[in-house]
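Take a look at the structure below.
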Amino acid sequence: MSLICLRVALMHDTWRIWRLYVCLLLGIMVGSGCTPPPTPMLIPTSTVIRVPGIDPGSWKAGGVFVAGVGKVDITPPPGLPLFGYSRARTDDAAGVRTRLYARALYLEDARGEHVVLVQCDLGAISALLHLQVARAIVQETGISVDRLLIGATHTHAGPGGYFGVAYYNYWGSNRPGYDPRIVTFLTERIANAVLAAYRTRAPARIAIGHMTIFGLTHNRSLEAYNNNKSQTISEEALWTMLPEYRAVDPTFTMLRVDRIVGAGTQPLGAFTNFAIHGTAVPSSNDLYSGDVHAAAERALEWAIRRHYGVQTEVIHALTNGAEGDVAPAFTTQNFAEAEQLGLTLASKAFDLFQDLDTRLTDAVHLGYNYEELPLQIPYTADDLELCQHAMVGVPVLGGSEEGRSLLYGKLLGVYEGARQESPQGCHTWKLKALDFLQDLIPATDFPTTMTLQTMRINELLLVAVPGEMSTEMGQRLKQAVLQAAQHTRQSLTHVAIVGLANQYISYFTTPEEYALQHYEGASTLYGPASGPVIAARLEYLVTQMAALTTPPALPSQWIFRPGLKVQAFPEVLSTQGGREAQRVTLDRSTTPPRASFVWQDLSPGTISFDAPLVHLETQIRDGRWVPLFIDALPVDDQGLHLEIRYLREAPLAGAGVWQATWYPQVSFSDPLRFVIAPRGTLPPLYSEPFTLSP
Ligand SMILES: [Zn+2]
């Protein structure tokens, strides 16, 4: 195959071809941004997964509105590739900084209509994962893919390798490959979150609210945004704000849910939506992390529990919006800035949550619609036709404004704005990355269907978009679906776009943004009509939703071609040895100092990494050791400041050497120690005592 390429290249003895080969070779090594660059893969793509259809059975009306929530840790073991930043990142996951969770909300109205809303701390949701979760829950809950909405936060520090199409398995992570065990791991845990929500359903009330938040985000692709013939800027934006800080959708949407307790209620949590890229933590990070969302989720959950005295599970399921061109407003990418942005978001969210105290209602009306659109059909919208073959544009090779790849620059012709001299064919301005070599990629390595979904919860309409929509395309979509709701007399007043939901198909820009071929436009795989077609189809789904009497038709089977299969998931190993504390060290280059504890334990595949593992204890005056709390919160690996890293294999067969590092925010003089939680028959392990004082 490569000989054929070489011969063709020699036939085209041009500078362009030389550049193309340099790009190809370098492109295999580097890359950046969320949408990966392509390569003509000489790897088997014949692995086909056939998944049979789902029969949701019948469902009985409950007579009263009920709701339930579930939250499950989905942090995989170390050793997996990390999704996001493509090859700009070099290392697999070495451990965890902030744990990843799936949060589920089950809603069932008095007529028996029911839906499940799920949020995951993942880079994106794959169609394969969406389907497998539905298959795992349908028998007990009667919920199939059509009533199941799963959104991702778009953290760039979650696992990769779980996609149903080869393109994202190959290029979405720091290394290529599809691992069915990652799909199984995530499916089981996300399904458990849904089942927990379903099993704890009880009479409930909801309230819907929204507010505008400026200052936490900015538009990273302002030149493309400014090319729009119309721009929907929020009325609350100030002219004194920098243009890139105004050119965002500032809407924060909240669905609050409370359980009825006695004559009052008790919060179950909130499902929220805000457009912000999960890129406040840089590509050099090699730890699982929820990025900016981690602090926003936890801090609201903590605030609700504390303020309302809730002892049971509380969730903050923060989903992403039309974030395609929206970056977090960091000055430097690091954990501290990700945390600060998240805490600010949570603080504003808590104000809104409390504002909803008096607006709770149990008069709830649910509705939904769903379709899987074959991308081979030439749908049209705004006089543009959806391209029937995916194409990746040259600027994708160079990465976005948030992280350029090594290829970026005029020398290799890889820069934002690299485009055709005049519109050519269906993809118009797009300059094909790698030229004819891209044609060697089978069409089935890219998504061939598109999943669209609408959900109505009283006056709130959620629209699930399978990728990253730009700010202005999102605003046009919102207007289109609201108009459709008005025409069909559905009293919907507010729309939230749940991005990266149910499936991933890269970016969707407006046709005008697309024409400039910046990173986002070059990542709009099916041409300039992609965004308008999504808006038109969702408009149609909303129109139909008003009169939907039978569930939408679902495929009788699904076929996935995930490409090269690898075993990234670590093995379960048996070991005869026990645990062993090694040492505590203090890094006094920071104030207060960081404390690290190294110990020998089970291997990454055996240690049950998705369960709490490390916490801190302090010694009180009578000599007893008790869990350490700061601001009424335990210091453990479910918070924001305790990381766990797998260092290496231990000399003892089947064992590993681990390190826990605590980043204290305030100093203590009392004695402290690390505690490693029991595993199987292994008892807890304690570090030697230490203090933070000099
Ligand atoms: Zn992205």
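The values are calculated or read from the model by the stated rules, or taken from the named source; none is laboratory data. What you see is a predicted model; the values in this text were computed from it and never measured. Every residue, glycine as well, gets a Cβ built from its backbone with ideal geometry; the counts of neighbours run over all protein chains shown.
Is it the case that the stretch 284-304 has a residue that's closer than 30 Å to residue 94 by Cα, crowded, with 24+ Cβ neighbours inside 10 Å and among the aromatic types (Phe, Trp, Tyr)? Yes, the conditions are met somewhere in the stretch 284-304. Set side by side, the residues 208, 150 differ, and just one is in contact with a strand residue (DSSP E or B) (Cβ under 8 Å, 6 or more places away or on another chain), in a strand (DSSP E or B) and surrounded by fewer than 21 Cβ atoms within 10 Å (Cβ to Cβ), which is 208. For the stretch 187-202, the set of residues classified as part of a helix (DSSP H, G or I) and of a type outside the set (A, V, I, L, M) consists of 187, 188, 189, 192, 198, 199, listed by residue number.
Right, residue 463: touching a Ser or Thr at 6+ places or on another chain (Cβ under 9 Å) and assigned to a strand (DSSP E or B) or not? Yes. Among the numbered conditions (1) out of contact with any His (no Cβ under 8 Å at 6 or more places or on another chain); (2) buried (at least 24 other Cβ atoms within 10 Å of the Cβ), the only one that residue 480 does not meet is (2). Candidates in the stretch 82-97 are the residues that are within 26 Å of residue 614 (Cβ to Cβ) and within 15 Å of the chain's Cα centre (by Cα); of these, the one that is nearest to the ligand (Cβ to nearest atom) is 84. Taken as a whole, the condition of being under 20 Å from residue 452 (Cα atoms), within 16 Å of the ligand (Cβ to nearest atom) and not in a helix (DSSP H, G or I) does not apply to residue 104.
Answer yes or no as to whether residue 376 is within 24 Å of residue 445 (Cβ to Cβ), out of contact with any Gly (no Cβ under 6 Å at 6 or more places or on another chain) and outside any strand (DSSP E or B). So residue 376 fits the description; yes. Look at (1) touching a helix residue (DSSP H, G or I) at 6+ places or on another chain (Cβ under 6 Å); (2) within 30 Å of residue 332 (Cβ to Cβ) and you find that residue 429 fails only one, number (2).
None of 276, 233 is buried (at least 24 other Cβ atoms within 10 Å of the Cβ) and either assigned to a loop (DSSP other than H, G, I, E, B) or within 16 Å of the ligand (Cβ to nearest atom) (or both) except 276.
Restricting 297, 313 to residues that are under 17 Å from the mean Cα position of the chain (by Cα), away from the ligand (no atom under 16 Å from the Cβ), assigned by TED's automatic domain parsing to the domain that holds residue 252 and of a type in the set (Asp, Glu) narrows the list to 297. Against the test of being at pLDDT 95 or above, hydroxyl-bearing (Ser, Thr, Tyr) and either away from the ligand (no atom under 16 Å from the Cβ) or surrounded by fewer than 20 Cβ atoms within 10 Å (Cβ to Cβ) (or both), the options 575, 510 yield a single qualifying residue, 510.
Quick check on residue 148: is it away from the ligand (no atom under 16 Å from the Cβ) and under 13 Å from the mean Cα position of the chain (by Cα)? Spelling it out, it is not the case that residue 148 is away from the ligand (no atom under 16 Å from the Cβ) and under 13 Å from the mean Cα position of the chain (by Cα). Answer with yes or no whether residue 591 is in a strand (DSSP E or B) and of a type in the set (Val, Ile, Thr). In short, no.
If you go through the stretch 176-205 and keep only what is crowded, with 20+ Cβ neighbours inside 10 Å and either closer than 25 Å to residue 443 by Cα or outside the structural domain of residue 88 (by TED's automatic domain parsing) (or both), you end up with 176, 177, 178, 179, 182, 183. The sole residue among 160, 172 that is under 23 Å from residue 523 (Cα atoms), buried (at least 24 other Cβ atoms within 10 Å of the Cβ), modelled with pLDDT under 95 and within 16 Å of the ligand (Cβ to nearest atom) is 172.
For every residue, the table says whether it meets (1) free of Cβ contacts under 8 Å to residues at least 60 places away in the same chain; (2) on the phi < 0 side of the Ramachandran plot.
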{"residue": "259", "(1), (2)": "no, yes"}
{"residue": "269", "(1), (2)": "no, no"}
{"residue": "288", "(1), (2)": "no, yes"}
{"residue": "307", "(1), (2)": "yes, yes"}
{"residue": "316", "(1), (2)": "no, yes"}
{"residue": "327", "(1), (2)": "no, yes"}
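Every condition in (1) aliphatic (A, V, I, L, M); (2) closer than 30 Å to residue 147 by Cβ; (3) part of a loop (DSSP other than H, G, I, E, B) is met by residue 294 except one, and the failing one is (3). Within the stretch 65-94, work out how many residues are more than 17 Å from residue 186 (Cα to Cα) and modelled with pLDDT of 95 or more. Count: 7. Against the criterion of being modelled with pLDDT of 50 or more, farther than 29 Å from residue 420 by Cβ and surrounded by 14 or more Cβ atoms within 10 Å (Cβ to Cβ), residue 53 does not qualify.
Figure legend. Inter-residue proximity from the stretch 385-411: first residues away from the ligand (no atom under 16 Å from the Cβ), second residues basic (Lys, Arg), beta-carbon distance below 7 Å, spacing 6+ or different chains. Indicated pairs: 391/430; 391/432. Close contacts from the stretch 142-154, counting a first residue that is under 19 Å from residue 296 (Cβ atoms) and a second that is modelled with pLDDT under 95 and crowded, with 24+ Cβ neighbours inside 10 Å, with Cβ to Cβ under 9 Å and a gap of 6+ residues or different chains, come to 154/34; 154/84.
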